[in-house]
Amino acid sequence: MTFETESLEPFGVLVTPGRSGQDVHRLDLDVLRGLVETHHLLVLRGFDAFPHADAFVAYGERWGDISVWPFGKVLELVEHLTPEDHIFDHRDVPLHWDGMYRPQVPELQMFWCVRAPEADQGGRTTFSNTRLALERLAPDLRSAWEGIEGVYERRMAFYDSRAIAPLITRHPTRGYPVIRYAEPPQEGDTGFINHPAIALRGLDDDSAAEVHRVLQGVLHDPACLHAHAWRTGDLVVADNHTLLHGREAFVSGAPRHLRRLHILGTPPLENPHLVSHA
């Protein structure tokens, strides 16, 4: 099966079929996994894919065990009419890593775009490469951040959890340094639904505010951040241990519909940062 690859900026790789009508199931999974390991973000575009959610799950299971939530394996990321949490709203979602409040942390995220918003309606998913960010960080600043821990508490329909994570830690299987961080909502964003509680342990308010400010600049630097503009049918696989991700706001009522799976590692990573979970 023929396909073409194109590097994305500032990281990631786009894979497209060599001819129309090619089925994504025929792509070699070892090759695709290698691309994710090298580039951290894989976008498959233009392939024949899935007629329904169950087919998407079946494909995800070829990659590994799928994390099961109270709602099942597939999260339907679509705007709710009266959302009770920001993930079902149309506003922006700050950078974070998935599984931070769950007993097991997924290795990969897999997204399938059922329907994309129009090009001028927003809704890009943002991915920040924390490995690149640390490589660009001044050594004295990186040294100062080594001892900082983030304390995160979040309550929603699916959990009520508290996590404490070092700001700088290491990739659980490859060993290189990464950042584990959840951004606070934008200051003054009174429309943000269901705020998490976020604190940097051991820092006074002014010092914590400065770390948040610098982190925002580092993680959103165009040299580290890729904003993916969705097209209907896109299949995206992201390295959840290296990247942080979020969402740009989109026009309320826009036809943005993603489906998401969490692919666990082998063996699954038991969450080292989870303090309490209900």
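The values are calculated or read from the model by the stated rules, or taken from the named source; none is laboratory data. All values derive from a computational prediction rather than experimental measurement. Reconstructed Cβ throughout: ideal geometry from the backbone, glycine too, with neighbour counts over all protein chains shown. Surface areas here come from the heavy atoms of the whole protein model, side chains and all, with no ligands, DNA or RNA. Shrake-Rupley method; radii C 1.70, N 1.55, O 1.52, S 1.80 Å.
Worth a mention:
- Just one of the listed residues (Ala197, Ala182) is closer than 30 Å to Val251 by Cβ and modelled with pLDDT of 95 or more, and it is Ala182.
- Every residue from segment 61-89 that is more than 24 Å from Leu29 (Cα to Cα), open to solvent by 40 Å² or more (accessible area, probe 1.4 Å) and of a type outside the set (D, E, K, R): Pro70, Phe71, Val78, His80, Leu81, Thr82
- Residue selected from segment 90-103 under the condition surrounded by fewer than 21 Cβ atoms within 10 Å (Cβ to Cβ) and more than 15 Å from the chain's Cα centre (by Cα), by the criterion farthest from Gln186 (Cα to Cα): Pro103
- Count of segment 175-205 residues, restricted to those that are in a loop (DSSP other than H, G, I, E, B), touching a residue at least 40 places away in the same chain (Cβ under 8 Å) and charged (D, E, K, R), is 3.
- Within segment 260-275, being more than 26 Å from Gln186 (Cα to Cα) and either open to solvent by less than 70 Å² (accessible area, probe 1.4 Å) or touching a Ser or Thr at 6+ places or on another chain (Cβ under 7 Å) (or both) holds for Leu261, His262, Ile263, Leu264, Gly265, Pro268, Leu269, Asn271.
- Some residue of segment 217-228 being closer than 30 Å to Ala157 by Cβ, out of contact with any Pro (no Cβ under 9 Å at 6 or more places or on another chain) and open to solvent by 40 Å² or more (accessible area, probe 1.4 Å): yes
- First in segment 71-94 and over 22 Å from Ala182 (Cα atoms), second anywhere and at pLDDT 95 or above and in a helix (DSSP H, G or I), Cβ under 7 Å, 6 or more apart: Lys73/Val57; Val74/Ala53; Val74/Phe56; Val74/Val57
- Selection count, segment 169-191, where residues are out of contact with any Ser or Thr (no Cβ under 9 Å at 6 or more places or on another chain) and either within 17 Å of Ser143 (Cβ to Cβ) or open to solvent by 40 Å² or more (accessible area, probe 1.4 Å) (or both): 9
- When segment 139-155 is filtered for residues that are in a strand (DSSP E or B) and either open to solvent by 30 Å² or more (accessible area, probe 1.4 Å) or at positive phi (or both), the ones remaining, listed by number, are Glu149, Glu153, Arg155.
- Qualifying positions in segment 229-238 - surrounded by 16 or more Cβ atoms within 10 Å (Cβ to Cβ) and not aromatic (Phe, Trp, Tyr): Gly233, Asp234, Leu235, Val236, Val237, Ala238
- Whichever residue in segment 23-62 is touching a residue at least 60 places away in the same chain (Cβ under 8 Å) and under 17 Å from the mean Cα position of the chain (by Cα) and, among such residues, is farthest from Cys224 (Cα to Cα): Gly60
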